[in-house]
Every structure is written in structure tokens, then in C-alpha cells.
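Colleague: The structure's right below; bear with me while I get my questions together.
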Ligand code: CA
């Protein structure tokens, strides 16, 4: 899952980034509204953390312009502590949830998980597909209830597929959601990670759809 983190205050952005990476997300950052607007318009994100008070272009304007352009990714806005009017304006501009500063990192992560699964129509934090289960709260993966140890990259790939069971996902889409913009992207590496995952999971769970991509299927 790829997150756009928009926050101009370095002392907040830095720990936020660290917590998001620790939680298994790949992160692109912007420290002003203009860069945020551009990134959100041109790159696919699974969710955005958007501070409203930003230099160059304020967060509300950024959000409105994304929504006007049809960008539908979930957006969690960060507001000032007593800014109830900011919360209302943020939700009305197309925000999906808000968090008032200062906040606990755990709460931000929980709200993000909820936004990401809701965007895929999933209500439960425990994702299941046949014998496979992924607990988004603990990042634990099990097969028939037995824990499976995955590397960070294998986990990201599986988590993306587990949010879209039965849907064909192209290699390009996977590449775009598993790597940040500054990362050297090579869609061939996706094949390598799929191969590694197949050795750790029931191999048939990740089906290759020729010419299109991959699909997670329920294996009993
Ligand atoms: Ca700010």
C-alpha cells in the first residue's frame, strides 16, 4: 500500500514517515500544497495523510482540486486541536476522516487501516481468502491458522492482493502501489516476489492471468 504524506512541519513529518514505513506502507512525501496536488493527481495512492495548513497552496484547496479532478483515494486530514470548523470544511471538501493535532500515532494508523479497507468495501480488519488470513492490525499472515513469516516486500504484495480478492491486478498496478516514486521500479521484480510468495503460501492461491496479471483465489 502506498501512502502520500503531506505535512510541512519536518518534526512531525519525519516521525510520521517512520511510523508508516514501520507499519509496512511505502511513503511519498510532500511539504507544500503544490507538490501534494501534483503527486495526488499523477500517482495512484491507497490513502493520503493531508495536513491542512500548508505553504504555497492550502490543504483544503488541494483536496477540493483532487476531488474535482475525480481523484477518489481516501484522505485523512490533520487539523488543529480546536479547529472544529476546519474539520467540517475538510470533510465537506472531500476528506474521509480527520485527526486533530496532537494525536497518537496508533490512532492515525488505525484510522488509515480502516480507510484503506473501506475503500475496497471491506469491513473487517481481519482479511481472509480461503485458507489465507491477514490481520491488518498485527500484520500477521496465517495459512490454516499457522503463522507464515514474510519479508516486508512479500507482505506488501500479499496485503495489496488480500484487499482485492478475486480481482485481476496487473504488474504495473502492483509496481505503482508497492514502490514510492523515487524508487527504481522494475516490474520484473514483481514476478520474483510472486514466486517467493507462492513458495510460502499454497502455490495456487496466486493465480497468473496470462497477459493481464495476478489474481488471489480462495484455496481451501
Ligand atoms: Ca502545517
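Colleague: Any chance you could count how many residues in the range 32-46 are outside any helix (DSSP H, G or I) and under 15 Å from residue 181 (Cα atoms)?
Modeller: Qualifying residue count for the region: 4.
Colleague: Test of understanding: among 46, 51, 82, which residue is within 16 Å of the ligand (Cβ to nearest atom) and crowded, with 18+ Cβ neighbours inside 10 Å?
Modeller: 51
Colleague: I'm trying to understand the selection: among the residues of the range 85-95, which are over 21 Å from the mean Cα position of the chain (by Cα) and within 14 Å of the ligand (Cβ to nearest atom)?
Modeller: Matches in the range 85-95: 86 only.
Colleague: If you check 166, 211, which single one turns out to be within 19 Å of residue 136 (Cα to Cα), surrounded by fewer than 16 Cβ atoms within 10 Å (Cβ to Cβ) and out of contact with any helix residue (DSSP H, G or I) (no Cβ under 6 Å at 6 or more places or on another chain)?
Modeller: That would be 166, the only listed residue that is within 19 Å of residue 136 (Cα to Cα), surrounded by fewer than 16 Cβ atoms within 10 Å (Cβ to Cβ) and out of contact with any helix residue (DSSP H, G or I) (no Cβ under 6 Å at 6 or more places or on another chain).
Colleague: Under the condition of being within 12 Å of the ligand (Cβ to nearest atom) and without any contact (Cβ under 8 Å) to a residue 40 or more places away in the chain, which residue from the range 61-79 is surrounded by the most Cβ atoms within 10 Å (Cβ to Cβ)?
Modeller: 77
Colleague: Among the residues of the range 4-40, write down those that are touching a helix residue (DSSP H, G or I) at 6+ places or on another chain (Cβ under 7 Å), away from the ligand (no atom under 16 Å from the Cβ) and within 18 Å of residue 67 (Cβ to Cβ).
Modeller: Scanning the range 4-40 gives a single hit, 40.
Colleague: Follow-up. Taking the condition farther than 30 Å from residue 169 by Cβ and in contact (Cβ under 8 Å) with a residue 60 or more places away in the chain, does residue 44 pass?
Modeller: No.
Colleague: Assess whether residue 77 counts as being in contact with a strand residue (DSSP E or B) (Cβ under 6 Å, 6 or more places away or on another chain), part of a strand (DSSP E or B) and at negative phi.
Modeller: yes
Every read-out reported here was derived from the displayed coordinates using simple, explicitly stated rules and does not represent laboratory data. Since we're looking at a predicted model, the values are computed, not measured. Neighbour counts are summed over all protein chains in view; Cβ atoms, including those assigned to glycine, are modelled from backbone coordinates with ideal geometry.
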